[in-house]
1. Report the residue count in the range 16-39 for those that are within 9 Å of the ligand (Cβ to nearest atom) and surrounded by fewer than 21 Cβ atoms within 10 Å (Cβ to Cβ).
2. Could you tell me which residue of the range 168-197 is surrounded by the most Cβ atoms within 10 Å (Cβ to Cβ), considering only residues that are within 16 Å of the ligand (Cβ to nearest atom) and closer than 17 Å to M248 by Cα?
3. Within the range 266-317, track down each residue that is in contact (Cβ under 8 Å) with a residue 60 or more places away in the chain, within 23 Å of I357 (Cβ to Cβ) and among the hydrophobic types (A, V, I, L, M, F, W, C).
4. Taking the range 127-146 as the region of interest, how many residues are out of contact with any helix residue (DSSP H, G or I) (no Cβ under 7 Å at 6 or more places or on another chain) and touching a residue at least 40 places away in the same chain (Cβ under 8 Å)?
5. Filtering the range 198-235 down to residues that are under 16 Å from the mean Cα position of the chain (by Cα) and basic (K, R), which residue is surrounded by the fewest Cβ atoms within 10 Å (Cβ to Cβ)?
6. Checking N99 against (1) away from the ligand (no atom under 16 Å from the Cβ); (2) modelled with pLDDT of 95 or more; (3) outside any helix (DSSP H, G or I): exactly one of these is not met. Which one?
7. For the range 40-67: of the residues being of a type in the set (S, T, Y) and away from the ligand (no atom under 15 Å from the Cβ), which is farthest from W78 (Cα to Cα)?
8. Of everything in the range 19-31, what is out of contact with any Phe, Trp or Tyr (no Cβ under 6 Å at 6 or more places or on another chain) and over 16 Å from E51 (Cβ atoms)? Give them in sequence order.
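The values are calculated or read from the model by the stated rules, or taken from the named source; none is laboratory data. Just so you know, these numbers come straight off a predicted model, no measurement behind them. In this analysis, Cβ positions are derived from the backbone assuming ideal geometry, glycine residues included, and neighbour counts consider all displayed protein chains.
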Amino acid sequence: MLKATNLNTTYDNREVLKNVEITIEPGKITSLIGPSGAGKTTLLRVLSMLEKPKSGNISLDNKKVEFPIQKNDQASPWPEVSVVFQQLFIWPHLTLRKNIELPLEIRGTLNESKQHLDQLYRTFDMAEYLDRFPNEVSLGQRQRVALVRALALKPKYLLLDEITSSLDVEQSAIILSHLTEIKKQGVGILMVAHDIDFALSNADTVCFMENGKIVKQGKPYEFLLESKDQRISNFIDSASLGSANVRMYFGQEEFQAYHLALLERLQPNSTITIIGGLGKTWYDPMKDKYAQYDALRIKKNITWNMLMYEYGDEDSRLAREHPELNKLFTLSKSMKNMADININSDGTVILQIFDPIPTVIEIKNQALADSYLNYGSLDNCMGKV
Ligand code: ADP
């Protein structure tokens, strides 16, 4: 593990890192997000020991360094840690191949690394432009070179600072799939990313940093479902790109959390329209969280408008006990092949899969929600129960 405890750093008497605690585990991706100036890059520099913090300690596997450093202590950058900075630091007068090989040459390990290098060049599909100079390739290709140069050193921990900032969605996805491969080989990855989708997909842990502190740490979906901490919600909303309009919540824990968070964010007295539901299937994955969901829905007076071709016992019970909150309509049996679609009053549409793994696909699109509502209200397929 690469672990920092109680890290503090100041620049010109200004505190930039305040009591930061962070752990990077081998074989895991940790994403670091937060507004510009929060201290993310500084944390990367300090973790790799390119820069010394004012106080605190950093340990790597079984080595530990305490700051401030005592006279005789060694504190050179960890050889097991590679960092890729936003600036890339690629020499303009050397070919890309030479840029990658130079650190190995300096370490005296170039010859024994040839096979590994060839494998990296193949994986990152870069043979074609390796012998060009940096100004003869695209920024995306230069970013790949910086990543490969870091990997060539076979790091145990890889720290990445916004390495996809200039890439399009497709190129970012390629890099992300490579990172997932690298993680599987046991490398611990810490990545600073401003593209929230990139930061949250495939991360095992997410840390949100603000004003030099890590203010929240959790699983990716806990950030997407965030509703209580307005600062984090605002940050995620403002940093999300177009692709963030479709998100998937996978597995029972996320399924339950999604539905609870949805209820929390909907306005009181609003409506959820459910089209083509499948009787009791929804209640099963909600299991132990269903009572909490039900209580919250009643408290917020949120109506379920159910347009279904078949009702389960629980649906009928709800309609009996709370007719004002549970409006049942029958759909023609001919619509039986429809997916379970929910249309929420905040303009989101969700598609649900219950079996074998409960899944929610959320689409934020008011026009789509409106068109589903029109579809669902066609007179010829609907009758009041
Ligand atoms: P982030 O990566 O989250 O945008 P940084 O770590 O780059 O944040 O910066 C955190 C704060 O420290 C900022 O206010 C920045 O201006 C300041 N800072 C960063 N590097 C230096 C430096 N070398 N000297 C003085 N101030 C710095």
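1. 3
2. Filtering the range 168-197 for residues within 16 Å of the ligand (Cβ to nearest atom) gives 190-196.
Imposing the further condition that a residue be closer than 17 Å to M248 by Cα reduces the set to 195-196.
Numbers: D195: 21, I196: 23.
Per the stated criteria, the residue is I196.
3. Step one: list which residues in the range 266-317 are in contact (Cβ under 8 Å) with a residue 60 or more places away in the chain, which gives 266-267, 270-278, 281-282, 284-285, 307, 311.
Those still in the list that are within 23 Å of I357 (Cβ to Cβ) too: 272, 274-278, 281-282, 284-285.
Selection gives I272, I274, I275, L278, W282.
4. So the answer is 4.
5. Checking each candidate, the answer is K219.
6. Unmet for N99, out of (1) away from the ligand (no atom under 16 Å from the Cβ); (2) modelled with pLDDT of 95 or more; (3) outside any helix (DSSP H, G or I): (3).
7. S55
8. The answer is N19, E21, T23, E25, P26, G27, K28, I29, T30, S31.
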